[in-house]
1. Residue under question is residue 69, and the condition is that it be open to solvent by less than 70 Å² (accessible area, probe 1.4 Å), touching a residue at least 12 places away in the same chain (Cβ under 8 Å) and over 17 Å from residue 152 (Cβ atoms); does it hold?
2. Tell me, yes or no, whether region 34-53 has at least one residue that is small (Gly, Ala, Ser), assigned to a strand (DSSP E or B) and either in contact with a strand residue (DSSP E or B) (Cβ under 9 Å, 6 or more places away or on another chain) or surrounded by 15 or more Cβ atoms within 10 Å (Cβ to Cβ) (or both).
3. Conditions: (1) open to solvent by 70 Å² or more (accessible area, probe 1.4 Å); (2) over 22 Å from residue 143 (Cα atoms); (3) more than 13 Å from the chain's Cα centre (by Cα). Residue 29 meets all but one. Number of the miss?
4. Kindly evaluate residue 56 against the criterion of being modelled with pLDDT of 95 or more and open to solvent by 40 Å² or more (accessible area, probe 1.4 Å).
5. Name the residues in region 73-85 that are open to solvent by 10 Å² or more (accessible area, probe 1.4 Å) and not charged (D, E, K, R), would you?
6. Could you grab me the full set of residues in region 91-106 that are surrounded by fewer than 22 Cβ atoms within 10 Å (Cβ to Cβ) and over 21 Å from residue 145 (Cα atoms)?
7. Does residue 146 qualify as being of a type outside the set (Asp, Glu), surrounded by 13 or more Cβ atoms within 10 Å (Cβ to Cβ) and modelled with pLDDT under 90?
8. Out of 170, 88, report the one residue that is at pLDDT 95 or above and either within 13 Å of the chain's Cα centre (by Cα) or of a type in the set (Phe, Trp, Tyr) (or both).
Amino acid sequence: VANPFYNCYCTTGVGGNCATSAIDTVSIQGTTLANGPTGCAPTFYTAYPATGNTTATLVQGQSYQLDTRYNGNCRTSMWIDYNHNGIFDTYEWTQVCLTSTAGTLVTNAFNVPMGAMTGLTGMRIRSRSSAGANDSTSACANFGTGEIEDYLITINVAAPPSDRRLLTRFNIRLIYR
């Protein structure tokens, strides 16, 4: 029996050190994801279950606000596996911040693409000291600082346009013909 794709993300050999670049809080406004303060795992990696305050339900085509806090000055990235291939691809990356101040809320907007596959998928938040690179190619890189928190989130299909909006578009076309 094959593992689900979301159990295939890189988790070993990624390094870390939470002395000054640990993730403290992760939340997505308007969802149930509100995790923190989290502390730092001894391995600098934590995979959270898809339950309670450690998961979110997002909708294709919608914009969201990611809120994070750290214990120091960090450079942070986020990946969401929109194509369900078990890899955090470079085009699934969002730069959360290039530097942060300890204990200060960092808010960053991101959009769920209309073409995102629906269902359970992985989301990775990765911090690193602000002196090092943390870019679209860093999901599995070996860092000497920072930490990784993986979340399982659900993406739902976008709601179809309402009949009224369709009728309004149809009426406008008839008027101009």
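The values are calculated or read from the model by the stated rules, or taken from the named source; none is laboratory data. What you see is a predicted model, and the numbers here were worked out from it, not measured in a lab. Positions of Cβ are generated from backbone atoms using ideal geometry, with glycine treated the same way; all protein chains shown enter the neighbour counts. Just so you know, the surface numbers come from the protein's heavy atoms only, side chains and all, with ligands and any DNA or RNA stripped out. Shrake-Rupley method; radii C 1.70, N 1.55, O 1.52, S 1.80 Å.
1. Judged against the criteria, residue 69 is not a match.
2. Of region 34-53, the ones small (Gly, Ala, Ser) are 34, 36, 39, 41, 47, 50, 52.
Remaining after also requiring assigned to a strand (DSSP E or B): 34, 47.
Among the residues that remain, those that are also either in contact with a strand residue (DSSP E or B) (Cβ under 9 Å, 6 or more places away or on another chain) or surrounded by 15 or more Cβ atoms within 10 Å (Cβ to Cβ) (or both) are: 34, 47.
Yes, region 34-53 contains a residue that is small (Gly, Ala, Ser), assigned to a strand (DSSP E or B) and either in contact with a strand residue (DSSP E or B) (Cβ under 9 Å, 6 or more places away or on another chain) or surrounded by 15 or more Cβ atoms within 10 Å (Cβ to Cβ) (or both).
3. Failing condition for residue 29: (3).
4. For residue 56, the condition - modelled with pLDDT of 95 or more and open to solvent by 40 Å² or more (accessible area, probe 1.4 Å) - is not met.
5. 73, 82, 83, 84, 85
6. 91
7. no
8. One residue alone meets the criteria, 88.
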